[in-house]
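Visitor: The structure's right below; bear with me while I get my questions together.
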Amino acid sequence: MSIFDQVLGAIANPSHPASADQLSTMVNAVQALSSQQSIDPATTQSIFSIVGNYAQTALQQQQQADPAQAQTTVNQFSGVGSNPQAVKALFTPEIQAQVAQEISQKTGMNQQQIQSFLPMVVPVVLNLLQMGNNPSSGQNSMLSSFLDADGSGSVDMGDAMQLAGKFLSQPR
C-alpha cells in the first residue's frame, strides 16, 4: 500500500484526526513554497522525494535508538510553517548539506536556496506522517509503514504530495 493510500485511509477513518482540510492545508503550503521560490511542480516533487528519503532514514535511526522517538519527532515538529528546529531534529548539519547537494544535483538549484527552504519542507513531510496517528490506540500506521525497512520502495513523499493535489482537485 502506498503512503498516499494510507493518507486516504486515515482521512476515511473516524478514529484518526486526519482530514481532507488538513491535507488541503499541506498542499497549499507546498504550492505557496513553489510559488515563493519560483519552483516548478516537477522540481518540487523531486525535492519532497529526496527530503522524504532522508527523513525516512533519520526517523528509522531515531526509532532504533528509542522506539518512541520517531513518533515524538513527528508529533513535535509536524506542521505547515517554517520551522528550523524540525530540520535540526532530523538532520545533522552534515546530512543537511548532503540533502542540499543531492537536490542541487537533481534539480540544478543553488544549495544555499535549498538550505533556506528545508525548514518549510521538513515540517510538511512530518505533517503528512502525522495523519496516520490514532490517538485512541497510540499507534501511527502511516509512520510504521514509512519506517518499514523492507525495501519495498513504495514510499515517495513527492508522489504522495502530487497525488494529494490531484485528489483535492476532484469533486468529492
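The values are calculated or read from the model by the stated rules, or taken from the named source; none is laboratory data. As the structure is a computational prediction, the values presented were derived from the model and not from experiment. With ideal geometry, Cβ positions are generated from the backbone for all residues, glycine too; neighbour counts draw on all protein chains shown.
Visitor: Among the residues of segment 12-40, write down those that are closer than 22 Å to Pro119 by Cα, surrounded by fewer than 16 Cβ atoms within 10 Å (Cβ to Cβ) and touching a residue at least 60 places away in the same chain (Cβ under 8 Å).
Guide: Ser24, Gln31
Visitor: From the residues in segment 87-142 that are within 14 Å of Gln37 (Cβ to Cβ) and among the polar types (S, T, N, Q), which one is surrounded by the fewest Cβ atoms within 10 Å (Cβ to Cβ)? Before the answer, list the steps.
Guide: Narrowing segment 87-142 to residues within 14 Å of Gln37 (Cβ to Cβ): 100, 103-104, 107-121, 124.
Going one step further and asking which of them are among the polar types (S, T, N, Q), we end up with 104, 107, 110-113, 115-116.
On the way: Ser104: 16, Thr107: 18, Asn110: 12, Gln111: 16, Gln112: 9, Gln113: 15, Gln115: 17, Ser116: 13.
Residue satisfying both the conditions and the ranking: Gln112.
Visitor: Among the numbered criteria (1) in contact with a helix residue (DSSP H, G or I) (Cβ under 8 Å, 6 or more places away or on another chain); (2) free of Cβ contacts under 8 Å to residues at least 12 places away in the same chain; (3) part of a loop (DSSP other than H, G, I, E, B), which one does Gln101 miss?
Guide: Result: Gln101 passes all but (3).
Visitor: Looking at (1) surrounded by fewer than 20 Cβ atoms within 10 Å (Cβ to Cβ); (2) in contact with a helix residue (DSSP H, G or I) (Cβ under 8 Å, 6 or more places away or on another chain); (3) farther than 30 Å from Ile11 by Cβ; (4) among the small types (Gly, Ala, Ser), can you tell me which one Gly81 breaks?
Guide: Answer for Gly81: the failing condition is (3).
Visitor: Right, something else. Working only within segment 50-61, note down all residues that are in contact with a helix residue (DSSP H, G or I) (Cβ under 7 Å, 6 or more places away or on another chain) and either loosely packed, with under 15 Cβ neighbours inside 10 Å or in contact (Cβ under 8 Å) with a residue 40 or more places away in the chain (or both).
Guide: Ile50, Val51, Gly52, Tyr54, Ala55, Gln56, Leu59, Gln60
Visitor: Among the residues of segment 122-131, is any at pLDDT below 90 and not in a loop (DSSP other than H, G, I, E, B)?
Guide: no
Visitor: Right, another one. Of the numbered conditions (1) more than 29 Å from Ile11 (Cβ to Cβ); (2) in contact with a Phe, Trp or Tyr (Cβ under 9 Å, 6 or more places away or on another chain); (3) buried (at least 18 other Cβ atoms within 10 Å of the Cβ), Ile47 satisfies every one except a single condition; which is it?
Guide: Ile47 satisfies all of (1) more than 29 Å from Ile11 (Cβ to Cβ); (2) in contact with a Phe, Trp or Tyr (Cβ under 9 Å, 6 or more places away or on another chain); (3) buried (at least 18 other Cβ atoms within 10 Å of the Cβ) except (1).
Visitor: If I ask for residues that are buried (at least 17 other Cβ atoms within 10 Å of the Cβ), without any contact (Cβ under 8 Å) to a residue 60 or more places away in the chain and of a type in the set (Gly, Ala, Ser), which ones from segment 62-78 would you list? Reasoning before the result, please.
Guide: Restricting attention to segment 62-78, the residues satisfying the condition of being buried (at least 17 other Cβ atoms within 10 Å of the Cβ) are 62-63, 70-71, 73-74, 77-78.
Filter again for without any contact (Cβ under 8 Å) to a residue 60 or more places away in the chain, leaving 62, 73, 77-78.
Scanning segment 62-78 gives a single hit, Ser78.
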